[in-house]
Each structure stands twice: as structure tokens, then as C-alpha cells.
Amino acid sequence: MLLDLIAPFFRWLRDQTGLDFVIFYDQYEFGRYLDGLSISLQLMFWSIALSLVVGVLGAWARSSRSRSARWLVSGYIQLFRNTPPMVQMLFFYFALGSLTPTVDMGGYQEPLISAFTWAVISLGVFGGAFNAEIFRSGLEAVPESTREAAESLCMTKLQIFVHVTMPLALRISLPALTANLVSLAKWTSLAYVVSVPELTFTLSQVWSANLNTGEMMIVLFVSYVVIVTLFADFLHRLERRLALPGYGQ
């Protein structure tokens, strides 16, 4: 087991230098760290997935012939791009959360929508506001002749969007989309403000109990560096693999 291999070194480090990386030699604290890491990764995955869905739908509505649909999406984009993500998360959790029904758990009431779900919704719609504009710019970069060729094959507007313009727009938009998704992955650390037990929240509890704030901040910093670097590298590889010569270059 990993902890058995690294625990002697970190106990020695504590005894010799006073640096207390307790999560690397205490089984209970190590488990808490892994749980927080797992929740952070889940939060990143679902927030990014929701932001992509919202972005695609927003870009489709922005290109709609319906003026009301365009105005509605434009208002949504301005609202969520011009307010801080922490304020949005607090609004979703405390304002909208207070309006949602609760469930009787046998003696106490539990909110129907958990803090984790509110965090995903908040981050998803925040990132989706940026993704909608990114995808819209990608759609506008698709040559009109491409759409006309698809129409000549008797494809419907929905078929053209799904099978022709959106796949091309996605590839064109990947550089900007990569930057936004990487930023969104980092913004997930804000979920601690609504008590989601992700990495930041978990390690703050560890340093409060063990008085080793500096050491746990180092662990938190390095953890996010590793996670976000790996994610960014994956997106950059995907960007190079899907690049289309002559499109967006």
C-alpha cells in the first residue's frame, strides 16, 4: 500500500524538521485527503460537462432566427459573465436553495438538491456563458459555402448544426475552449464556500485540527498544479489531434 511506503519518511521528516505532513503517515487523514481529491475530480468532470452542454445550446440559440431566443441567451451571458463566480455560487446555494423542497430523512429535513449539485449547477452555467460565446465565434468561422453544400444535400437546419457546423466549430474553437475549461477546473475550488467536502475544504479541516497550515497549503497547491497540468496537457493534445489545416489558424 502506498501509505505504508511513504509513511516512514514523513514521520522522520516530522521528527527531524517539525514539518507535519500528517496526511502522508496517518491512515485516517490520508483517507480524508483521498476523499476530498475524489470529490474535486467529480466536481471538475460534472461542471465541465454541464458547461459544454450549456455552451452548445447557447451557441445554437444565439444563431437562431428567433429574436427573443437571441435576447434571452444574450442576457444570460451578460449576467453570468459580469458577476463573480463565488457570488453566483452563494446565490444558487442560499437564495435558490432556500426555495427548493426538502426531504424527510427520519427526524430531520435534508435539502432535495445537495451542496455538491448546486456547486455543479453554479459552475456549469458560469462556464457555459463563456462557452456559448466561444462556440458562437466558432460557428461564425465556418464558411457559408459549407452550409450551402449541406443544404444542397437536403439536410435540415438541425442536421446541419449537429453534423456539419458544430463539429467544425468545435475544432476551430478548441484553443479558446481549452483556456476556459482549464480556468473552470480551477474555479471548482470555490465549492468550499458552500461546504462541499472537496480538496480545499478537506485540507482546511486537516490543518485546523493539526495546526499545520503551511504544510497542507503546500499539498493543496501541488495537488492542483498536478491535476490542472494533466488536464491542460490532455486538452492541448486533443487540440493538436483535431486541428484542421486552414480553419482557425
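The calculated FRET efficiency for Asn210 paired with Ala232, based on their beta-carbon distance and R0 = 25 Å, is about 0.20. Determine the shape class of segment 87-220: with a ≥ b ≥ c the square roots of the Cα gyration tensor eigenvalues, call it rounded for a/c under 1.5, and otherwise prolate if a/b is greater than b/c, oblate otherwise. It comes out oblate by the Cα gyration axes.
Kirkwood hydrodynamic radius computed over segment 90-129 comes to 10.9 Å, based on all pairs of distinct alpha carbons. Counted as membrane-span-like here are DSSP H helices of the chain whose alpha-carbon atoms extend 18 Å or more along the helix's own axis and whose Kyte-Doolittle mean is -1.0 or above; these are 2-17, 27-62, 67-81, 115-141, 166-187, 213-242.
Packing order of peptides 141-148, 172-179, highest average first: 172-179, 141-148 (average count of other Cβ atoms within 10 Å over each peptide's residues). Each peptide in 184-195, 108-119 gets a packing score, the mean of other Cβ atoms within 10 Å over its residues, and the list from highest to lowest is 184-195, 108-119. For the listed peptides 59-69, 40-50, a ranking on the average number of other beta carbons within 10 Å per residue, highest first, reads 40-50, 59-69. Length available on full extension from Ser74 to Gln109: 0.36 nm per residue minus the Cα-Cα distance, which gives 8.8 nm.
Any read-out appearing in this document is the output of simple, stated calculations on the displayed coordinates, not a laboratory observation. None of the values given here were measured: they were computed from a predicted structure. Cβ atoms come from the backbone with ideal geometry, glycine included; neighbour counts cover every protein chain shown.
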